[in-house]
Structure formats: C-alpha cells, structure tokens
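Visitor: Next up is a structure, given as structure tokens.
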Amino acid sequence: MEEKDKNNYEITFWVREENASPVTDILKKNGCDIVEEKPLQKMQLGYPIKKEKYAFLGTVIFAAHSEAAQAIREPLNLEGSVLRYTLGNTDKHRVEKGTGESMRGSFSSLRERSNYSSSFKRKEEGVLTNESLEKKIEEILN
C-alpha cells in the first residue's frame with residue numbers, strides 16, 4: 001500500500017505511570033507513523049478505573065492504514081498499564097496545524113456546534129390579547 005492511502009488517527013489514553021512508551025511501541029509495531037505526541041498530564045480521575053484514583057492522560061496523533069488502526073485495539077486491551085483509550089479518525093487539516101492550533105481547532109468546532117442550534121431564531125411574536133386570540137380562533141373555525 002502507498003503512503004497516501006494512510007489516514008490520520010488520534011488516540012487519547014489513560015496510563016498508570018508517566019510513560020507513554022507502551023502505547024507508542026504498539027503503534028510502531030503495527031506500522032503506524034507517529035505525527036504528534038502530546039506530553040502526559042497527571043490528573044485525578046472522576047471515579048476509580050481499575051482501582052486507580054490518579055492516572056496520566058496522553059494523546060498521540062498518527063498516520064496508518066485502516067487495517068493497522070484496527071489491529072492495535074487488541075494489544076492495547078491486553079496492555080496492563082493502559083487503563084482506558086479512545087481511538088478516532090482526524091481530518092488532515094487539523095493535524096497539519098501543529099501542537100497549539102490542533103486543540104484550539106477542536107474546541108472552536110465544538111463551540112460552533114453548540115451555537116448551531118441557538119442560531120435558529122424563533123419568531124418573536126408579541127403578547128396576544130384576548131381580543132386578538134378570539135379573532136384567530138374565529139378565523140380558524142370559519
């Protein structure tokens with residue numbers, strides 16, 4: 001397969017120790033090219049995962065064929081240091097922006113989506129009086 005057939009993916013994961021190498025090793029073994037790796041951040045979990053109250057959150061953006069992206073799921077599930085992970089497709093434009101821009105881009109798109117429903121303005125009708133209400137009822141009935 002050619003290089004241009006590769007898609008960009010993003011994996012966000014929680015690990016027990018401050019070490020992303022178990023995840024990056026699995027990616028490299030399955031023929032994935034790491035595009036960007038964000039530093040790990042220690043965070044308190046909202047609820048315990050596998051009896052852990054704290055974990056390190058990391059994100060890696062990589063390029064891979066769809067078969068390779070599916071093949072990494074089983075080794076990640078078997079890896080003991082990985083508590084949770086989510087794997088998703090990313091658009092090429094977001095990856096090429098760089099480290100700071102990629103996060104801003106995703107948040108701005110979330111903002112745009114949340115404003116989408118509020119952008120539909122409802123017709124603001126004035127308060128109906130009893131007389132105008134009676135007229136409308138008569139119009140409907142006749």
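Visitor: Which of the GluC sites (Glu not before Pro) found in segment 11-85 are loop residues per DSSP with 14 or fewer other Cβ atoms within 10 Å of their Cβ?
Guide: Within segment 11-85, the qualifying GluC sites (Glu not before Pro) (loop, at most 14 other Cβ atoms within 10 Å) are Glu17, Glu18.
Visitor: Excluding Glu79 itself, what net charge comes from residues whose Cβ is under 15 Å from its Cβ, given Lys and Arg +1 and Asp and Glu -1? Spell out each step's value before the answer.
Guide: Working: positive: Arg16, Lys28, Lys29, Lys50, Arg73, Arg84; negative: Glu17, Asp25, Glu52, Glu74.
That works out to +2.
Visitor: Report, in listed order, any pair from Lys6/Lys28; Lys28/Lys53; Lys6/Lys38 with a Cα-Cα distance greater than 26 Å. Intermediate values should be presented prior to the final figure.
Guide: Details: Lys6/Lys28 14 Å; Lys28/Lys53 29 Å; Lys6/Lys38 21 Å.
In this structure, Lys28/Lys53 lie more than 26 Å apart at Cα.
Visitor: By how many nm would the segment from Glu79 to Glu18 lengthen if fully extended, with 0.36 nm per residue of separation less the alpha-carbon distance?
Guide: So the extension gain works out to 20.5 nm.
Visitor: Provide the gained length on full extension for the span Gln70 to Thr86, in nm with one decimal, where the gain is 0.36 nm per separating residue minus the Cα-Cα distance.
Guide: On the way: separation 16, 0.36 × 16 = 5.76 nm, distance 1.21 nm.
Extra length available between Gln70 and Thr86 comes to 4.6 nm.
Quick note: the coordinates plus some simple rules give every number you see, no bench work behind them. Not measured: the values here are computed from a predicted model. Backbone-built Cβ (ideal geometry, glycine too); neighbour counts: all protein chains shown.
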